[in-house]
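Please treat every number below as a calculation from the coordinates, not as lab data. Since the model is a prediction, treat every value here as computed from it, not as a measurement. A quick note on method: Cβ atoms are made from the backbone with ideal geometry, for glycine too, and the neighbour counts reach across all protein chains shown.
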Amino acid sequence: MSAKLDPELFPEPELKLFDDFSPLDRKTWEGKILKDLKNPEDPEKALQKLTWKTGDGFVLNPFYLPDEQPAGLEKHIPGEYPYLRGIRPEGNVWLTEQTIDFSLHHNESELDSLLEEFYAHELGSVRLLVNDASYAGHAAEFCQKIDLSRISVNLDLEIHLKDAQPLLKWAADKDSGKVLISVDPLARYFRTGAVDFASMETELREDLDAAAEFLKKGSRSFLAVSGHLFRYAGANQRTQLALTLSAGAFYLAAMLDRGLNLADALRSVHARSAVSSSFFPEVAQLRAARYLWSQIAAAYAEEIAKAGSESGDWKTAAALYQSTETSVFELTALDPYTNLLRSTTQSISAVLGGSQRHTVHPFHLITDREDAFSRRMSRNIQNLIRHESYLQQVADPGGGSYYLEKLTDELGFAAFEDFQNLEKQGGFLEGLKSGSTQKKLSEQLDEALQEVTSRKSIYVGVNQYPSLQEKVQEKRFNPYDGHWMNGVSLPSDDGTGKAVSPMRFGRASAGFEDLRIHFQSIAAKKGFRPEILLIPAGKLAMQRARAAFSQNFLGCAGFAVEDPGSLGDITSATKFLEDRLSNSKSVVGLCLCSSDEEYDDLASSILPIAQNKGLPVLIAGNPENKDALAEKGIIEFIHLKSNVFGTLVELQKRILGSSVGSHLKES
């Protein structure tokens, strides 16, 4: 017996539901938006504020119409060439992956315990990272214990292939669907550079020869492009994509030169990306990567066909396999639980973009590396996405969104243009040898860090809303080299005397962490926590707003900030200050919080008391008469346009006597 469906809820499929609605043009939509904005005086300016400029410089409108979408989208089908919409025809399946780094986990009982933990929680894949040849044999022994019917393996080898033979021998006869081999000979030079060109080229040639010989015995994924390292060196989405394509093309050409046909050479290359919190651009970057890789494959196929050679089923092999991980650049030691929020949005971007396996780094990686709890939280982020949001059910969930499709198209076009320029200049290896790639990435890293220091990029607990009672752990883990460091970070000189300079990696919050650590060392020497006393007086609305701003701003450097509440008029504020300073040794500076027009009188009353006690005075705000106020003795003005980090460094120097950068001189 079949249930009868309500025709009002489930109309017959031949009904045209939208025939009664006339199409809306841009002007009509804008009119509706302006109505929601309460009909602003300057409509054009109000609409302009709704546009969004990405970090790569792309300007996105708040809405798009059907005729503004990229042409030909209806031809793209999930699982079909050119793979814009994913490499699977149905669903959006991905593997939850976690890492065992053999340079950190080499105790046999610890490794066995980790494997049992992964089995118990039905982990999809374990990434076995081997970056030290001395652990290759031990890693091979561990591999023998793995039950591939219960978990897949990503064998990530950052060592010379001549040293990885025990691991390659184990993997050789394993199903490529269960064991992914990830070898990136170039990545070693990203991290450490090279003393001379000759030895670098010899090592590369030996590894590529070994890779080709391995692949001739059976076609599978083998060569991994470490696009995540480009991100940690500063690359934005556009540059990460262009460099990933360029490195992939280098490997593709190397395999073709060593006798593989195009299909096998394409199948051998896969890519790993780091996903930032820039939500839609990250989704677009992953989608664009697949499409552009297929276009590179088509260009090779055309040249090979002209030469009369065999390409194999290259269109099927052009389906780019992609792995992703949450961004280490965005992991913070301060207020580490906020890392869980960032990791969640990053993971959703990765899944919507079509990642095939995804790693969520432990939320307290920088302070405590990892433990069972942080590994569990990392898995659960993906469990929630999979089992409660059901993002695995639909192939290319974002497909058809005019907004996302437009961004994918623009990002892909720009990145491909950059890729072509790299190829004209000699390709990826030449860019690495000349240093032009490292230079470009270093410039973008400085730009990314500048976004953080100026608060254009917000990190809660770091450069905005700091936890004033939080004690910063001085011992921090460096995820880029696997070592612990104590105290303030020091500049590296790893590139000195090398023909090929290593890439410079960074973390968004490292500078602010250094500020807080340095502050703690000063407080320990003084025996108390230095405090900035706020003087909120005058117009209530302005003084309260600026008091809250000052507490937030100054707290990012570690200062204790005392807000006594509204002190009323200037006379009352002056009386309060005299009483407060009569029995306090912890106050090391004052910050005036009032309206611009009241600062002159307030400063005239407060400065004599402060100068008598030897206390510096700052002002919250950027008044027009700040030059005159500075002549009276105000040392700094803190406001929305201030470079937060740079200002705090100078304040630490002027108030405490030293700051980050003067650390070595002081000791």
In Hz, Karplus ³J(HN,Hα) per residue of the stretch 606-620 (6.51, -1.76, 1.60; θ = phi - 60°; x = Gly, Pro): 8, 4, x, 5, 5, 5, 5, 8, x, 9, x, 10, 10, 10, 8
Calculate the length of the line joining the C-alpha centroid of the stretch 160-200 to that of the stretch 458-499, in whole Å. 29
Kindly provide the helix-only [θ] at 222 nm of the chain, computed as the sum of -39,500 (n - 2.57) over DSSP H runs of four or more divided by all residues, to the nearest 500 deg cm²/dmol? -14500 deg cm²/dmol
Taking the stretch 16-56, which GluC sites (Glu not before Pro) meet the DSSP loop condition and have no more than 10 other C-beta atoms within 10 Å? Glu41
Between the stretch 299-328 and the stretch 416-431, the alpha-carbon center distance in angstrom: 18
Charge tally in the Cβ shell below 13 Å around Gly259, where Lys, Arg are +1 and Asp, Glu are -1, Gly259 excluded: -2
Where a Cα-Cα gap under 16 Å defines reach, which aspartates and glutamates qualify for Lys38, not counting those fewer than 8 residues away within the same chain? Glu30
Show me the ranking of peptides 225-234, 290-299 by mean Cβ neighbours inside 10 Å, starting with the highest. 225-234, 290-299
Counting only C-alpha contacts under 8 Å and six or more residues apart, can you give the relative contact order of the chain as a whole percent? 12
Check: C-alpha center the stretch 233-279 vs C-alpha center the stretch 544-598, spacing in Å is 55
Of Lys32/Lys456; Lys217/Lys433; Lys315/Lys433; Lys27/Lys49; Lys174/Lys216, which pairs sit farther than 21 Å apart, going by alpha carbon to alpha carbon? Lys32/Lys456; Lys217/Lys433; Lys315/Lys433
So what are the ³J(HN,Hα) numbers for the stretch 139-151, from phi and the Karplus equation (6.51, -1.76, 1.60; θ = phi - 60°), rounded to whole Hz, Gly and Pro as x? 5, 5, 5, 5, 4, 5, 7, 6, 8, 6, 7, 10, 7
Local electrostatic count, Ala212, Cβ distance below 12 Å [Lys/Arg +1, Asp/Glu -1]: -2
Quick one: angle between helix 237-257 and the longest Cα principal axis of the chain, in degrees between 0 and 90, rounded to 10, please. 30
Find, among the chymotrypsin sites (Phe, Trp or Tyr not before Pro) in the stretch 343-397, those assigned to loop by DSSP (not H, G, I, E, B) with at most 16 other beta-carbon atoms within 10 angstrom. Tyr390
Applied in sequence order to the stretch 202-209, the curve 6.51 cos²θ - 1.76 cosθ + 1.60 (Karplus, θ = phi - 60°) yields integer Hz couplings, x standing for Gly and Pro, of 5, 4, 4, 4, 4, 5, 5, 4
Give me, ordered by chain and number, the residues 5 or more places off Leu95 or on other chains with an amide H under 5 Å from its own placed amide H. Arg357, His358
Sorted by chain and then number, the residues having a modelled amide H within less than 5 Å of the amide H of Ser182, at least 5 places away or on another chain, are Leu155, Asp156, Leu157
In debye, nearest 20: dipole of the stretch 360-457 around its Cα centre with unit charges on the Cβ of K, R (+) and D, E (-)? 380
Show me the ranking of peptides 48-60, 260-272, 135-147 by mean Cβ neighbours inside 10 Å, starting with the highest. 260-272, 135-147, 48-60
Cβ-based net charge around Glu423, under 14 Å, with every Lys or Arg adding one and every Asp or Glu removing one: -3
When we measure straight from the Cα of Lys16, which aspartates and glutamates land under 14 angstrom away, once same-chain ones fewer than 8 places off are left out? Glu8
